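In what follows, a structure is listed as structure tokens, so that the remarks can point back to it.
Nothing in this text is a laboratory measurement; each read-out follows from the coordinates by a stated rule. Predicted model, so just to flag it, every value in this text is computed and none were measured. Glycine gets a Cβ as well: all are built from the backbone with ideal geometry, and neighbour counts include every protein chain shown.
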Amino acid sequence: MAELRKVMCVEDDADIRDLLEFSLGTVGGYEVLCCDGGAAALAAVDGFGPDLILLDVMMPMMSGPEVLHALRQRDTSRRVPVVFMTAKAMRDELEDLLEHAATGIIVKPFDPVSLPSDIRIYWEHGRGPA
């Protein structure tokens, strides 16, 4: 199995992007690229080549599920594991998100100390759609 090295984070909230950069970059030691929305992520994904994508669900312009759909249409990102991030923690809403072919879900607020190991679990046990 390849190593998890590069994580793309797609999040419209600047404070959360800063926290993700600290958590995954400084604490986790990953190479991190944060994008402020779906259009920026789609423009950068091929050049960055992430091993895993953390994707906010509720964003202006393009929702997380819309971004995921666009990522799945590309040969370069079709098999990249995508983990949704959401503040919605109702069971039926979480199940609906998983139906979009996401690898998993991180519920906000997340623990910045445990986030690097949390995403590693998704990386090791769920590598996205076949």
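Spin-label model, Asp46 to Ala87: label points 7 Å out along the Cα-to-beta-carbon direction sit 3.5 nm apart.
For Rg/Rh (Cα atoms, Kirkwood Rh), which listed value, (1) 0.98; (2) 0.91; (3) 0.94, comes from the coordinates shown? Checking each listed value against the structure points to (2).
With a simple spin-label model that places each label point 7 Å from the Cα along the Cα-to-Cβ direction, the separation between Glu99 and Val27 comes to 3.3 nm. In the chain, the DSSP beta bridges split such that about 0 percent are antiparallel, to the nearest 5. Specify which residue in the list Ala40, His69, Met58 is farthest towards the positive end of the charge dipole of region 13-74, using unit charges on the beta carbon of Lys, Arg (+1) and Asp, Glu (-1), about the Cα centre. The residue sitting farthest along the positive end of the dipole is His69. Counting beta carbons within 10 Å around each of Glu11, Glu66 and listing the fewest first gives the order Glu66, Glu11.
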